[in-house]
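One structure below.
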Amino acid sequence: MYENIVCLGRMRRGYEVCAGKLYQKEVDFIAVRGGEKVYIQVSDDISPRETFGREYGPLLKIKDAYPKMILANTRHETYDCAGIKIHNLPDWLLLSDKPGSERERV
């Protein structure tokens, strides 16, 4: 359900969205609009170490400079882990809907 919400939201903002595969690992979404690209993993709960590793690992292996993010129910402020932004999903969804929001562009 969360993946559908994120995917439809990106499409509504003009992104082309597709699923990706890298080294036999899945990346939930690659969203592209013009010269922008963002890699997105979506999860309900990343607090178990195993789950965090499953979501974080594929993004860490991508060596280009495009933004990478994990959207999950963290109940924390946005933080950065080795260049990968980790957003609280409900907050990200609310802020990405505001016109002019930085998150609207990503």
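Here are some notes:
- Comparing Glu77, Glu26, Glu16 in a Gaussian network model of the chain (Cα springs below 10 Å), the most mobile by mean-square fluctuation is Glu77.
- Highest-fluctuation residue, Asp44, Asp64, Asp80 considered, GNM on the chain with Cα pairs under 10 Å: Asp64
- Under the criterion of Cα pairs below 8 Å and six or more residues apart, the relative contact order for the chain equals 17 percent.
- Summarising the strand pairing of the chain, around 60 percent of its internal DSSP beta bridges are antiparallel.
- Under 5 Å, built H, 5+ apart or other chain: amide partners of Ile70: Gln41, Lys85, Ile86, His87
- Of the labelled figures (1) 15.5; (2) 13.8; (3) 14.5, only one reflects Kirkwood radius over Cα pairs in Å as derived from the coordinates, namely (2).
- Between Pro48, Pro90, Pro67, the Gaussian network model of the chain with springs among Cα atoms under 10 angstrom shows the greatest mean-square fluctuation at Pro48.
- Near Thr78, the amide H atoms lying under 5 Å from its own belong to Asn88; only residues 5 or more places off or on other chains count, and H is placed 1.01 Å from N.
- In the chain, the DSSP-assigned H stretches of four residues or longer account for a calculated mean residue ellipticity at 222 nm of -9000 deg cm²/dmol, using -39500 (n - 2.57) per stretch and the full residue count as denominator.
- Cα-based Lys pair tally, the stretch 2-105, threshold under 30 Å, eight or more apart or on separate chains: 20
No value in this document is a laboratory result; all are computed from the given coordinates. Just so you know, these numbers come straight off a predicted model, no measurement behind them.
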